[in-house]
1. Tell me, yes or no, whether the stretch 184-193 has at least one residue that is within 14 Å of the ligand (Cβ to nearest atom), at pLDDT 95 or above, under 30 Å from MET48 (Cα atoms) and out of contact with any His (no Cβ under 8 Å at 6 or more places or on another chain).
2. Looking at ILE201, ILE209, which one is among the hydrophobic types (A, V, I, L, M, F, W, C), under 21 Å from ALA38 (Cα atoms), under 16 Å from the mean Cα position of the chain (by Cα) and away from the ligand (no atom under 15 Å from the Cβ)?
3. Within the stretch 212-229, count every residue that is over 24 Å from ILE270 (Cβ atoms) and more than 7 Å from the ligand (Cβ to nearest atom).
4. Under 8 Å by Cβ, and 6 or more places apart or on different chains, what pairs join a residue from the stretch 219-233 that is assigned to a loop (DSSP other than H, G, I, E, B) and at pLDDT 95 or above with one that is surrounded by 13 or more Cβ atoms within 10 Å (Cβ to Cβ) and of a type in the set (Phe, Trp, Tyr)?
5. What number of residues within the stretch 97-153 are in contact with a Gly (Cβ under 6 Å, 6 or more places away or on another chain) and over 24 Å from LEU247 (Cα atoms)?
6. Which residues, counting only those in the stretch 167-183, are touching a Leu at 6+ places or on another chain (Cβ under 7 Å) and more than 8 Å from the ligand (Cβ to nearest atom)?
7. Looking at LEU101, is it buried (at least 20 other Cβ atoms within 10 Å of the Cβ) and more than 16 Å from the ligand (Cβ to nearest atom)?
Amino acid sequence: MNQVLEEAPAEQSLVPNLLKGKTGLVLGVANKWSIAWAIAQSLSKAGMRLAFTYQGERLQKNVSSLAETLGPDVPLYPCDVTDEQQIKDLFKSVANDFDGLDCVIHSMAFAKREELAGEFLNTSKEGYLMAQEISAYSLTAVCREALPLMENRGGGSIVTLTYYGGEKVVPNYNVMGVAKAALEMSVRYLAEDLGPRNIRINAISAGPIKTLAASGVSGFSNITEVMKEKAPLRRNIEAAEVGDTALFLVSPLSRGITGEVLHVDAGYHIKGF
Ligand code: 1JT
């Protein structure tokens, strides 16, 4: 018996060719638990060619060993989104490696740990501005630079990540909630500007997922317990479910959808009790 036939079949996508010939750039992979990485896997399985950014030398190794698992020629670029020049240089490099870009995944946020506990009232100006800069403004800056590459392809799709704490008060989410509110409204204004160029932009509002960023947050486990009790599906969500929703949003299956915030939260946000 052929050895190969006895091996477990490689994990198959339900839609192996949906994104064949398409290209995408993923910002926000830090490690294998990152939501951005789950999205990358869904897109890659559907046939998309991907490139990644990494934030700082510390993460280069991490991101490169993950990217390697997708194939031999996966470009990696450094990008600190607080530096406009780095964003410009990023898209110059992408233009060199890919002829045009069909999709950008923006899966980045930052707040100081001390701002994600206690009262929002105590938010520092510096912490507030830093959360806004990295978690909200960066989306607009990235869209502006991605624009020519997407116009090259006659259109595109951009997806960003948000959380319920940007629409309702969730204890401890604090300054990130305010940044996510700005991010969600940015999606709507950007959708209006990008629509005539056939570029769509949407946000996924993901239920709480135990990423490394989330693991150190005080009261995070409590939030996931509440999800199990209250969400209509009576469970938490998995990163792969966010990945497959991003796949839908960058594919032509969602061609009529832009400016939307799509909840992947086991239904939690519909509850009023
Ligand atoms: C950041 C962190 C952005 C954690 C995040 C986030 N968006 C969602 N989460 C998970 C989370 C965090 C809190 C929470 C509920 C969910 C950490 C690093 C910075 C960016 O509070 C109820 C605080």
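1. Going residue by residue through the stretch 184-193, those that are within 14 Å of the ligand (Cβ to nearest atom) are 184.
Then drop every residue that is not at pLDDT 95 or above, which leaves 184.
Retained after the next criterion (residues that are under 30 Å from MET48 (Cα atoms)): 184.
Checking which are out of contact with any His (no Cβ under 8 Å at 6 or more places or on another chain) leaves us with 184.
Taking every residue of the stretch 184-193 in turn, at least one turns out to be within 14 Å of the ligand (Cβ to nearest atom), at pLDDT 95 or above, under 30 Å from MET48 (Cα atoms) and out of contact with any His (no Cβ under 8 Å at 6 or more places or on another chain).
2. From the options ILE201, ILE209, the qualifying one is ILE201.
3. Counting residues in the stretch 212-229 that are over 24 Å from ILE270 (Cβ atoms) and more than 7 Å from the ligand (Cβ to nearest atom) gives 4.
4. Matching pairs, first to second residue: ALA231/TYR268; PRO232/TYR268.
5. Counting residues in the stretch 97-153 that are in contact with a Gly (Cβ under 6 Å, 6 or more places away or on another chain) and over 24 Å from LEU247 (Cα atoms) gives 2.
6. Answer for the stretch 167-183, where residues must be touching a Leu at 6+ places or on another chain (Cβ under 7 Å) and more than 8 Å from the ligand (Cβ to nearest atom): just LEU183.
7. Against the criterion (buried (at least 20 other Cβ atoms within 10 Å of the Cβ) and more than 16 Å from the ligand (Cβ to nearest atom)), LEU101 qualifies.
Yes or no, residue by residue, for (1) out of contact with any Phe, Trp or Tyr (no Cβ under 6 Å at 6 or more places or on another chain); (2) of a type in the set (D, E, K, R); (3) part of a strand (DSSP E or B):
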| site | (1), (2), (3) |
| --- | --- |
| LEU161 | yes, no, yes |
| GLY165 | no, no, no |
| VAL175 | no, no, no |
| LEU190 | yes, no, no |
| ASP193 | yes, yes, no |
| ALA203 | yes, no, yes |
| ILE209 | yes, no, no |
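The values are calculated or read from the model by the stated rules, or taken from the named source; none is laboratory data. Only a predicted model underlies this, so the values are computations on that prediction, with no experimental measurement involved. As a convention, Cβ positions derive from the backbone with ideal geometry for all residues, glycine included, and neighbour counts pool all protein chains shown.
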